[in-house]
1. When you go through (1) touching a strand residue (DSSP E or B) at 6+ places or on another chain (Cβ under 7 Å); (2) loosely packed, with under 12 Cβ neighbours inside 10 Å; (3) of a type outside the set (S, T, Y) one by one for F76, which number turns out not to apply?
2. Consider E16 against the criteria (1) surrounded by 10 or more Cβ atoms within 10 Å (Cβ to Cβ); (2) modelled with pLDDT of 90 or more: it satisfies all of them except one. Which criterion is unmet?
3. Mind telling me which of the residues T22, T55 ends up being surrounded by 10 or more Cβ atoms within 10 Å (Cβ to Cβ), in a strand (DSSP E or B) and without any contact (Cβ under 8 Å) to a residue 24 or more places away in the chain?
4. Taking the stretch 60-80 as the region of interest, how many residues are in a loop (DSSP other than H, G, I, E, B) and closer than 17 Å to V26 by Cα?
5. With the condition kept exactly as written, say whether any residue in the stretch 3-10 is modelled with pLDDT of 90 or more and not in a loop (DSSP other than H, G, I, E, B).
6. Can you find even one residue in the stretch 32-40 that is at pLDDT below 90, assigned to a strand (DSSP E or B) and surrounded by 15 or more Cβ atoms within 10 Å (Cβ to Cβ)?
7. When you go through G49, G61 one by one, which is the residue that is exposed (fewer than 10 other Cβ atoms within 10 Å of the Cβ) and either touching a Ser or Thr at 6+ places or on another chain (Cβ under 9 Å) or modelled with pLDDT of 90 or more (or both)?
Amino acid sequence: MSELKPKSATVPRGPELVSVRTMNDVNFWGISGKQLSVTMVGLHMTWDGTSVRMTHDSKPGEEKLLLASGIEHLTFRSAE
């Protein structure tokens, strides 16, 4: 059974998504425009390989998706 236990408590992290540029303007949680960034207060974004999942502190439990077809550009910061 010990072979089923993880060898480390930490999970390796990939690059962190820091901004998204969309093909068209969006309006989520009062944030409008083509550029979304994690520097916007309360905004959290993750890339799952097919879409950007976004949440905002002002609406706990609410999630927005940006599908790859509507994304012009993604910017990542490498994991440290």
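The values are calculated or read from the model by the stated rules, or taken from the named source; none is laboratory data. Remember, predicted model here, so these are calculated numbers, not experimental data. Every residue, glycine as well, gets a Cβ built from its backbone with ideal geometry; the counts of neighbours run over all protein chains shown.
1. (2)
2. (2)
3. Just a single option satisfies the conditions, and that option is T55.
4. Residues in the stretch 60-80 being in a loop (DSSP other than H, G, I, E, B) and closer than 17 Å to V26 by Cα: 1 in total.
5. No: zero hits.
6. For the stretch 32-40, residues at pLDDT below 90, assigned to a strand (DSSP E or B) and surrounded by 15 or more Cβ atoms within 10 Å (Cβ to Cβ): absent.
7. Selected residue: G61, the only one of G49, G61 that is exposed (fewer than 10 other Cβ atoms within 10 Å of the Cβ) and either touching a Ser or Thr at 6+ places or on another chain (Cβ under 9 Å) or modelled with pLDDT of 90 or more (or both).
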